[in-house]
Amino acid sequence: MSSTTLESTPSRRGAHAGTAGDRPGDGLSNGPGPSFLRVLNSEFIKFRTLLSTLILLGATVAVIVGVGALAAWGIGQALQASNANPQRSAALAAQGDIAASAPSAGISFAQLILGSLAVLIISSEFTTGMARSTFTAVPKRIPAFAAKLLVVLVSAFLVTALSLYLAGLVAVPILDQYGHTLDVSSGHYYRTLLINSAYVAAVAAIGMALGALIRNSAGGIMSLVGIFFVLPIALQIIQGDFVKELRKFIPDNTLAPMTAAEHVPDTLEAWQAALVLGAWVIIPVLLAGILLKKRDV
């Protein structure tokens, strides 16, 4: 009896010690696989060490700043030409402060570049077979997908915000040459900058979801182009009241209502546009997460 008692006590201690010590990482881990913070750090290392990623991020900055400078020059030329044409001057005045839109003129290109980058980040893992290693290290799969998504969202937001700010600084002296000022320190300018940055981050999240769903780089990028470039054109060609209402709910048409100083007729309210854009992000991301768990690698 004494030997049984002496053996039982250490075994219980070993069981408790094993329960506490078998958890890899820190307290954020709830099962097999590394902690989320370690997965996030791993995904960030993969993100920043790829040359293609750095090239696309640099291209985003160059495109936004370059197109912003060209837009500022074009707006300055238009404002100068309108001085001798009262009708044209009135038409430009009806559009509001068009000079404020110069820094964000390259957003359409930025959403294509960063959206394509988001597709490539996850679809390339399935193409190269790296997904097997990733999901072997992270058996639950969802933490790896969430870490990739978080890295893409934050990177797209910060790069776009920095690019828009630089574009504003470049546009100021160009517009000054034509006698028009651009206040890059106003609250409305910063609000527009943040909304545009959040919009591009949302497009990147949609791209990430498409890459996980289709698992093919070309297919994911073409789907992204179809949603944000082909679909708006197609709906402009097709006539009808129903199609006119439908145009309001495509993601490409949610940005203008959110950045407008006042509500634009025949568009959604700002909060409605934000909800629509959120739905375009949440539904594909949730669907991608569900299928990621059920599919074989």
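Structure data summary
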quantity: Residues of the stretch 76-129 that turn out to be modelled with pLDDT of 85 or more and either touching a His at 6+ places or on another chain (Cβ under 9 Å) or among the hydrophobic types (A, V, I, L, M, F, W, C) (or both), as a count; calculated: 15
quantity: Selection status of Val276, closer than 18 Å to Leu194 by Cβ and surrounded by 15 or more Cβ atoms within 10 Å (Cβ to Cβ); calculated: no
quantity: Residue selected from the stretch 157-184 under the condition in a helix (DSSP H, G or I) and in contact with a Gly (Cβ under 7 Å, 6 or more places away or on another chain), by the criterion modelled with the lowest pLDDT; calculated: Leu175
quantity: Members of the stretch 34-49 found to be part of a helix (DSSP H, G or I) and under 15 Å from Ala137 (Cα atoms), listed by number; calculated: Phe36, Leu37, Arg38, Val39, Leu40, Asn41, Ser42, Glu43, Lys46
quantity: Pairs where the first residue, in the stretch 246-275, is under 23 Å from Gly187 (Cα atoms) and the second is at pLDDT 90 or above and hydroxyl-bearing (Ser, Thr, Tyr), C-beta under 6 Å, 6+ apart; calculated: Leu255/Tyr199; Thr259/Thr192; Ala273/Thr254
quantity: Breaking point among (1) under 21 Å from Leu286 (Cβ atoms); (2) β-branched (Val, Ile, Thr); (3) in contact with a Phe, Trp or Tyr (Cβ under 6 Å, 6 or more places away or on another chain), for Ile174; calculated: (1)
quantity: Within the stretch 146-162, tally of residues that are in contact with a Ser or Thr (Cβ under 6 Å, 6 or more places away or on another chain) and among the small types (Gly, Ala, Ser); calculated: 1
quantity: Residue list for the stretch 136-195, filter: under 23 Å from Thr53 (Cα atoms) and basic (Lys, Arg); calculated: Arg141, Lys148
quantity: All positions within the stretch 120-155 that are buried (at least 21 other Cβ atoms within 10 Å of the Cβ) and not in a helix (DSSP H, G or I); calculated: Val138
quantity: Complete set of residues in the stretch 163-209 that are aromatic (Phe, Trp, Tyr) and either farther than 15 Å from Leu255 by Cβ or touching a Ser or Thr at 6+ places or on another chain (Cβ under 7 Å) (or both); calculated: Tyr165, Tyr178, Tyr189, Tyr190
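The values are calculated or read from the model by the stated rules, or taken from the named source; none is laboratory data. Nothing here was measured: the structure is a model prediction, and the numbers come from that model. Cβ coordinates were reconstructed from backbone atoms using ideal geometry, including for glycine residues, and neighbour counts include every protein chain displayed.
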